[in-house]
Amino acid sequence: MSQKLGAFLAIMAVILIGYAMIRGNPEMHTSSAADLRPTIPADALKASEGQPAPDFTYFTIDGDEVRLSEYRGEKSLVLYFWETADSQCRSELPALRDFYKENHDSVEIIAITSERLRNIENIRSVVTGEVLPFKVLHDHDGSIAELFPHTMIPFTVYIDSNGTVIKMASGYNNDVIEDIRITLGTG
């Protein structure tokens, strides 16, 4: 009986050591979307019009890193908070796609979904189906949404090329592209 117990303990020790090595070494495993957390400076304030946009670093659904402050001095930004199941959000996506194709040199669009219950594959399916050329983030824990507080979607944040929040707008806008052009002075 003691041999069996000794063998069992040895096997468990090997399993636990192996698990600890894999957990402790990120190169030994691949991260899922649920493992990713946005990097937000500790002193970040919530967004407000006329103030610098709070910075964050996060990953797109394709794994590319996005740092909001990297666009300062380069491009105006549109942060578009949406959900895959919301028909109003989905109806604005084709217009945003077409606008981006024509204006990507001067305006960057970053679509952010904070859906906690939808997995990354559902979001990818919508992005692929709509052929969205801009960056899409899955803010699964709501950290980015907390920086840009809103009570309804779609929610659009307009940031000028200096990194200042010019306007924040909640709800469906049947002329979102004209709003972008007027607010950011593009196209």
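No lab work stands behind these numbers, since they all come straight from the coordinates. Please read these numbers as outputs of a predicted model, since none were measured by experiment. Positions of Cβ are backbone-derived with ideal geometry, glycine not excepted, and every protein chain shown enters the neighbour counts.
A few points about this structure:
- Remark on the stretch 139-187: hydrodynamic radius 11.9 angstrom, per the Kirkwood mean of 1/r across alpha carbon pairs.
- Selection from Ile159, Val131, Tyr100 lying farthest towards where the dipole of the stretch 90-187 points positive, charges on Cβ: Val131
- A Cβ-based charge dipole, computed about the Cα centre of the stretch 34-184 with Lys and Arg at +1 and Asp and Glu at -1, lands at about 100 debye.
- Summing +1 for each Lys or Arg and -1 for each Asp or Glu among the other residues whose beta-carbon sits under 10 angstrom from that of Asn173 gives -4.
- Within the stretch 106-141, the trypsin sites (Lys or Arg not before Pro) that combine a DSSP coil assignment with at most 12 other C-beta atoms in a 10 angstrom radius are Arg116.
- Once the chain from Gln88 to Thr128 is taken as fully extended at 0.36 nm per residue, the excess over their C-alpha distance is 12.6 nm.
- Counting every pair of alpha carbons in the stretch 61-118, the share spaced more than 17 Å apart comes to 47 percent.
- Rg [Å, one decimal], Dmax [Å, integer] - the stretch 71-187, C-alpha atoms: 13.2, 37
- Candidate lysines - alpha carbon under 29 Å from Lys101, same-chain residues fewer than 8 apart omitted: Lys75, Lys135, Lys167
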